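In what follows, a structure is listed as structure tokens, so that the remarks can point back to it.
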Amino acid sequence: MTDYRRLRVALLGAGAVGSQVAALLRQHGDELADRAGARLELVGIAVRDPDAPRDTDLPRELMTTDPEPLLVGSDIVIELMGGIEPARTQLLTAINAGADVVTANKALLATHGPELFEAADQVGASVYYEAAAAGAIPIIRPLRDSLAGDRVQRIMGIVNGTTNYILDRMDREGAEFADVLADAQRLGYAEADPTADIEGFDAAQKAAILASLAFHTAVPLDAVHREGITHIDKQMMDAARNAGFVIKLLAVCERLIDGAEGGGDAISVRVYPALVDREHPLASVHGANNAVFVQAEAAGNLMFYGAGAGGVQTASAVLGDVVSAARRHIAGGVGVGESTRANLPVVPIGQMTTRYQITLEVEDQPGVLATVAGLLSDGHVSIAAVEQTPISDDDSAAVPTGEAAYRETGTARLVIGTHTAREQDLSETVERLASSGVVERVVSVLRVEGD
């Protein structure tokens, strides 16, 4: 057996991911030592309750409720507790003691990433976080290292498995949102309180991380535009399908050429449900899987696909970071910091441009379509396609043909596809449509992404 140098590894948290990391460190110690060039000794696991049931059988003597000795006495500290505090304070303690840290904590990185990176720079340590943006999918290293010499133009990511599971089943089975959400909770894809997932908070945190890396700019979480999927219903799914689209919750990070005030590049970072052409690679991402589609100036289009969550899957990415940290310790030298020197401005959602699908319920009167078209034109929104369908008496579905339905309800549904328009122009135009007197209800406004 090779006589490797020993590195002390501490683990904070032993939940679904942490317990798997601990088990794999112990089970595959010899293999990991060969890959890292050092023997990785798990010296302790900080937990709230050492006797709590866990997914794997871990030695009781490794458990402690006092993390302080682990933080100041370890070479590598793995944080898998989640949340902001005490994770932030404990990682800063570990960094200031000279340890490299590995984390999957997207909320912490999205809100305090620059603070952690700066602390690591001060002492020559490194922060590793491959598992924080897309679970097992390797996307952090490609953005930080492989594409460091390129110019990333755009990232579109399905980065939340819960919402993709829900939208995918709604699309493929015609199921309703509430029914699929209940199934997702029963299967463990969604928490008892699913707000972080279905309202887009989780995806927004990951978007901030990806955009910061891709554009070498610190992106604060409050600069990310966020919308959830709770308003998506079967009728919207049907309209999308009829137009050749599928609805996905997307994290979109985009470089806007000359998009800043006074010239120069800017970036837009947003999360919302969007229409994706069924021929686009992201349209074929099913179930709880994740995918990140990267468009770079020289490399072209790149697709990263796989499991976005799961204990053992995420543990794979965490252990990859642990091996990288160990190799850095063996090689010596200071850690590699994050590059945010580009410092591009993050523009508000109103300045981005894309295509849209607008669904309206309108009066069945002569001249209504002309009025709607005129309002769109006045707002600098150009129509690409229109589909008009009569509405049934109970408003539960559109009927295929026949004037009887028009006479019954006096209402028709217009699905309008637009050419590229500016978000602010579109938003103001939709407000004018809503108050025009001929539009009874604005059913939905969805952006079209992936062109």
Report the residue count in segment 232-279 for those that are in contact with a helix residue (DSSP H, G or I) (Cβ under 8 Å, 6 or more places away or on another chain), acidic (Asp, Glu) and at pLDDT 95 or above. 1
Within segment 121-137, take every residue that is within 14 Å of the chain's Cα centre (by Cα) and part of a loop (DSSP other than H, G, I, E, B) and give me the one that is nearest to SER316 (Cα to Cα). ALA136
Taking ALA325, is it at pLDDT 90 or above, out of contact with any helix residue (DSSP H, G or I) (no Cβ under 8 Å at 6 or more places or on another chain), open to solvent by less than 30 Å² (accessible area, probe 1.4 Å) and more than 30 Å from ASP425 (Cα to Cα)? yes
Is there any pair linking a residue in segment 197-217 that is closer than 14 Å to GLU254 by Cβ to one that is buried (at least 24 other Cβ atoms within 10 Å of the Cβ) and among the acidic types (Asp, Glu), with Cβ under 9 Å and at least six apart or on different chains, and which? ALA211/GLU254
Would you check if VAL334 is at pLDDT 90 or above and either open to solvent by less than 60 Å² (accessible area, probe 1.4 Å) or of a type in the set (Val, Ile, Thr) (or both)? no
Given the conditions (1) open to solvent by less than 50 Å² (accessible area, probe 1.4 Å); (2) of a type in the set (Val, Ile, Thr); (3) within 15 Å of the chain's Cα centre (by Cα), every one holds for THR195 apart from (1)
Number of positions in segment 170-191 that are small (Gly, Ala, Ser), open to solvent by 50 Å² or more (accessible area, probe 1.4 Å) and more than 20 Å from the chain's Cα centre (by Cα): 1
Out of ARG60, ARG8, ARG35, ARG48, which single residue is closer than 16 Å to ALA325 by Cβ, open to solvent by 60 Å² or more (accessible area, probe 1.4 Å), out of contact with any His (no Cβ under 6 Å at 6 or more places or on another chain) and modelled with pLDDT under 95? ARG35
Tally up the residues in segment 352-381 that are closer than 12 Å to THR418 by Cα and either open to solvent by 40 Å² or more (accessible area, probe 1.4 Å) or touching a His at 6+ places or on another chain (Cβ under 6 Å) (or both), please. 4
Those residues of segment 400-446 that are modelled with pLDDT under 95, touching a Pro at 6+ places or on another chain (Cβ under 9 Å) and open to solvent by 20 Å² or more (accessible area, probe 1.4 Å) come to a total of 9
Could you tell me whether segment 231-253 includes any residue that is open to solvent by 30 Å² or more (accessible area, probe 1.4 Å) and touching a Lys or Arg at 6+ places or on another chain (Cβ under 8 Å)? no
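The values are calculated or read from the model by the stated rules, or taken from the named source; none is laboratory data. Because the structure is a prediction, the values reported are computed rather than measured. Glycine also receives a Cβ, built like all others from the backbone with ideal geometry; neighbour counts cover every protein chain displayed. With ligands, DNA and RNA removed, areas are computed over all heavy atoms of the protein, side chains included. Shrake-Rupley method; radii C 1.70, N 1.55, O 1.52, S 1.80 Å.
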